[in-house]
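Only one structure is covered here, and it is reproduced in the block below.
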Amino acid sequence: MMEEMPDIIEEVQRVFSWQQLAVAVGIFLLFLLFRKLFTNYVFKSIIMLSRKIHVETLTNVLLAFEKPLRSFFVFVGLYASIVYFPFDNDFQEFFTRVFRTLIIVHAAWGLYNLTSSNSLVFNQLGKRLKIEFDDILLPFLSKLLRFAIIVMALSIIASEWNYNVSGFVAGLGLGGLAFALAAQDSIGNFFGGVIIITEKPFKMGDWIKTPSVEGFVEDITFRSTKIRTFADSLVTVPNSTLANEPIENMTKMEKREVTFNLNLVYATPASKVRKCIERIESFLYENEDIDDELIIVRFNTFNESSLDLFLYFFTKPTGWVPYLKIKEEVNLKILEILDEEEVEIAFPSRSLYLPEQSKSEENSKELVSTKKSD
C-alpha cells in the first residue's frame, strides 16, 4: 500500500497542479471557518434577538435547523472545493446531483426536527387556529407529519436521480390495496386511534373504565392504547375495541356518587325512624366533604325483613382513597346515631307463627303422654 502512494500522488499531480489543490483545500477551510463564525456568533445572536422580542416560533425554527445548518456548511465547502477542479461535464453533473440531494436531505432534517412532539410550533399554530393540542393529539400529529416529510424527501430525491416516481407511487397504490386487504384489523385499529384522538374521550393520565378494562391511560399509539390497571399491570387494548366500547372517564367526575339502603328492624318505632332520618340528614349537610346540592335520606320501603332507609348523596373528592375515607366517616357516624337512638340494624330473617289450634293439639298430646307415664 505504501508503495502505491507515490503513484497516486504522481497521478494527482499529473491531473491537478499543486496550486489547484491548495486553492481547493483553502476554499474548504474557509467554509469551515465561516461555519464556525456563523454558528457561534451570527446564529446565536439571531436566537438571542428572537428571544428578546418574544418571537417563539422563529426561535423554535432556528433551533430545529441548527444542526442541519452546521452540517450543510461542511458539504457546501466540500462541493465548492470539488467544483473548482476542472472536471468534465459528467463529473460536474454528478456532483451537482449529489449536492442537490444533500440540500433536500438537510431541509428534510430541519423539518423533521421542527415537527417534534415538544416543538412550540404546534402550540402557536393551535392558538391561531383555536385548536387544543393535548398529550395524545400532539404525538400523533408529530408522527404523521414526520412520516410525510420522510416520504416526500425520498420521492424528491428519487425524481432528482431520474427514477420513475409515478410508477413507484402506482406500485405503492396496488401494494397498499393488497396490504389493506391483508391487514384489516390493523387498519381498523389505526382508524380507531384516529377516532379516539379526534373525539378525545380521555387524555394521558386519565382514569377510565370500559367493559374490558379499568385503569389509567399511559400511552396511545396508531394500533393500541396502553392502560395501567389498579393491580399495576399494563393492559394493551386494540384501538378498534376501545373505540367501539362505552368509555367512562372517571377523572372527569366533578363529584362522586354514594348510594345504599340502611335496613332497620321492624320493631323500630316510627318516632325513632324519623329521628334517625333527621340526624343522618343533618350530619350530611354539615359535612364539608359532602356536596349539599342533592342529599336524600328517606324511609323508602317495607322490605321482607326490615324497614329500609334510602341514602343518596355525593362526595366532593373523587379520588379513590379520599372517597373511601369519607364513606367510612359517614358509616361510622350512622352507627353512632343508631346506637344513641337504640335502633338495631336488621339482617335477613324469618319468623314462624303457629296457629292456636295446633298449639291446643300439642298440649293435649303432652297431657296424654304424661298420663301414660303415670
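The values are calculated or read from the model by the stated rules, or taken from the named source; none is laboratory data. All values reported here derive from a predicted model rather than from experimental measurement. Using ideal geometry, Cβ is built from the backbone for each residue, glycine included, and neighbour counts are taken over all protein chains shown. These area figures cover heavy atoms from the full protein model, side chains too; ligands, DNA and RNA do not enter into them. Shrake-Rupley method; radii C 1.70, N 1.55, O 1.52, S 1.80 Å.
When the accessible area of region 233-353 is computed with all protein chains present and a 1.4 Å probe, what percentage of it is carbon and sulfur?
Of all accessible area on region 233-353, carbon and sulfur atoms account for 51 percent.
So, taking all protein chains as they sit and a 1.4 Å probe, how much accessible area belongs to Arg298, in Å² rounded to tens?
Probe radius 1.4 Å; accessible area of Arg298 about 120 Å².
For region 328-345, take each phi angle, set θ = phi - 60°, evaluate the Karplus expression 6.51 cos²θ - 1.76 cosθ + 1.60, and give the result in whole Hz per residue in order, putting x for glycine and proline.
4, 4, 5, 4, 5, 5, 5, 4, 5, 4, 5, 5, 5, 8, 6, 10, 9, 8
Could you rank Met204, Met250, Met152 by how accessible they are, 1.4 Å probe, largest area first?
If we order Met204, Met250, Met152 from most to least accessible, we get Met152, Met204, Met250.
Given a Förster radius of 30 Å and the C-beta distance between Ala158 and Ile195 as r, what FRET efficiency does 1/(1 + (r/R0)^6) yield to the nearest 0.05?
Taking R0 as 30 Å, the efficiency between Ala158 and Ile195 is 0.30.
Could you state how much accessible area Leu29 has, in square angstrom rounded to the nearest 10, with a 1.4 Å probe and all protein chains kept in place?
100 Å²
Between Glu214 and Asp289, what FRET efficiency comes out of the Förster formula 1/(1 + (r/R0)^6) with R0 = 30 Å and r the beta carbon distance, rounded to 0.05?
Using R0 = 30 Å, I get an efficiency of 0.80.
Among Ile82, Ile150, Ile326, what's the order by accessible area (1.4 angstrom probe), most exposed first?
Final ranking, largest accessible area leading: Ile150, Ile82, Ile326.
For a quick check: with amide H placed at 1.01 Å from N, whose amide H comes under 5 Å from Asp219's, ignoring anything fewer than 5 positions away on the same chain?
Those qualifying (amide H under 5 Å, at least 5 residues apart or on another chain) are Lys226.
Tell me the label-point distance for the pair Phe310, Leu33, using the 7 Å Cα-to-Cβ offset, in nm and rounded to one decimal.
9.1 nm
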